[in-house]
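These notes concern the structure reproduced below.
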Amino acid sequence: EEDDEDFVPGSGAKKRPGLSLKARAVNLLSRREYSRAELVRKLAIHAETPEALDVLLDTLAREGWQSDDRVIQSVVHRKSTIHGSLRIAQELKQKGMNDQQVAEIRSQLKDTEYLRALAVWNKKFATAAGAQTPAEYARQARFLAGRGFSHEVVRKVLKASQASALI
C-alpha cells in the first residue's frame, strides 16, 4: 500500500526528502566561494528561522567552509587582469562586502591600475597605433571606462598611446 503524502503524481516515484540547510550550504560552497550575504540570500527560504541560518553560517565560517576573505581574493584574482578597481569594487559590493573591505581592496588595486589598464588597452588596441582621431579616442576611452578603470587612468593610457604613435 502506498503512502499518498509521499507520492508525486505522474512520476511513479516517491518524493525525496529535502536536503538539510547545512547540506544545501555545503553543496553551494563545494562549487564556488560564496560570501555570507550571498548565502543568506540563497538559503533564507530554506531556513526555519533567521537565527538558525546565522548559527549555521557562523559554524561554516568557523569550520573553514565559508570565508569572505577568500571570496574577495577570488574576485580580485579573477578580475584584476581585465577590470579596473571601480568594477571590482562594484562586484564586491554586490556580493555583500562591507565598505571598509571594499576600500582596502581599491587602495591596493590603485597601485597597479595604470599598468593593468595599459595591458588591457594593448591587448585590444595595440595594432591601432593609438587614438589618432577624436572618435577613436572616445571609443577607446569608453572601452576602458566600461572595464572599470578611472577616468584619470584612462587619460594617462590614451595620452601614452598617442605619444608612442607619434614616435
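In the condition set (1) without any contact (Cβ under 8 Å) to a residue 40 or more places away in the chain; (2) open to solvent by less than 20 Å² (accessible area, probe 1.4 Å); (3) farther than 26 Å from ARG32 by Cα, LEU53 is compliant with all but (3).
Here is a yes/no grid of residues against (1) of a type outside the set (A, V, I, L, M); (2) closer than 30 Å to GLU33 by Cβ:
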position	(1), (2)
GLN73	yes, yes
ASP99	yes, yes
TYR137	yes, no
ALA145	no, yes
SER150	yes, yes
VAL153	no, yes
GLN162	yes, no
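Exactly one residue among GLY64, GLY96 is within 30 Å of SER20 (Cα to Cα) and touching a residue at least 60 places away in the same chain (Cβ under 8 Å), and that residue is GLY96.
How many of the residues making up the stretch 99-125 are open to solvent by less than 50 Å² (accessible area, probe 1.4 Å) and of a type outside the set (S, T, N, Q)?
Summing the residues that are open to solvent by less than 50 Å² (accessible area, probe 1.4 Å) and of a type outside the set (S, T, N, Q) in the stretch 99-125 gives 10.
Regarding the stretch 106-127, can at least one residue be identified that is touching an Asp or Glu at 6+ places or on another chain (Cβ under 8 Å), modelled with pLDDT under 95 and on the phi < 0 side of the Ramachandran plot? Within the stretch 106-127, not a single residue is touching an Asp or Glu at 6+ places or on another chain (Cβ under 8 Å), modelled with pLDDT under 95 and on the phi < 0 side of the Ramachandran plot.
Take the conditions assigned to a loop (DSSP other than H, G, I, E, B) and surrounded by 12 or more Cβ atoms within 10 Å (Cβ to Cβ) and apply them to GLN66. Does it pass?
Working: assigned to a loop (DSSP other than H, G, I, E, B): yes; surrounded by 12 or more Cβ atoms within 10 Å (Cβ to Cβ): yes.
When the stated conditions are applied, GLN66 passes them.
Taking every residue in the stretch 74-86 that is without any contact (Cβ under 8 Å) to a residue 24 or more places away in the chain and among the charged types (D, E, K, R) and pairing it with any residue that is in a helix (DSSP H, G or I) and open to solvent by less than 20 Å² (accessible area, probe 1.4 Å), at least 6 positions away or on another chain, the pairs with Cβ-Cβ distances below 9 Å are LYS79/ILE88. Across the stretch 70-98, which residue is most open to solvent (accessible area, probe 1.4 Å) among those that are outside any helix (DSSP H, G or I) and of a type in the set (A, V, I, L, M)? The selected residue is ILE82.
If you filter the stretch 135-158 down to residues that are under 21 Å from the mean Cα position of the chain (by Cα) and either free of Cβ contacts under 8 Å to residues at least 24 places away in the same chain or part of a helix (DSSP H, G or I) (or both), you find that the one that is surrounded by the fewest Cβ atoms within 10 Å (Cβ to Cβ) is GLY146.
Of the candidates LEU39, LEU28, the single residue that is farther than 20 Å from VAL102 by Cα and buried (at least 16 other Cβ atoms within 10 Å of the Cβ) is LEU28.
Apart from one condition, TYR34 fits all of (1) open to solvent by less than 40 Å² (accessible area, probe 1.4 Å); (2) out of contact with any helix residue (DSSP H, G or I) (no Cβ under 9 Å at 6 or more places or on another chain); the exception is (2).
The values are calculated or read from the model by the stated rules, or taken from the named source; none is laboratory data. Fair warning: this is a prediction, and the values are worked out from it, not measured in the lab. So basically every Cβ, Gly included, is an ideal-geometry build from the backbone, and we count neighbours across all protein chains shown. Protein only, heavy atoms only, side chains kept; ligands, DNA and RNA dropped before computing areas. Shrake-Rupley method; radii C 1.70, N 1.55, O 1.52, S 1.80 Å.
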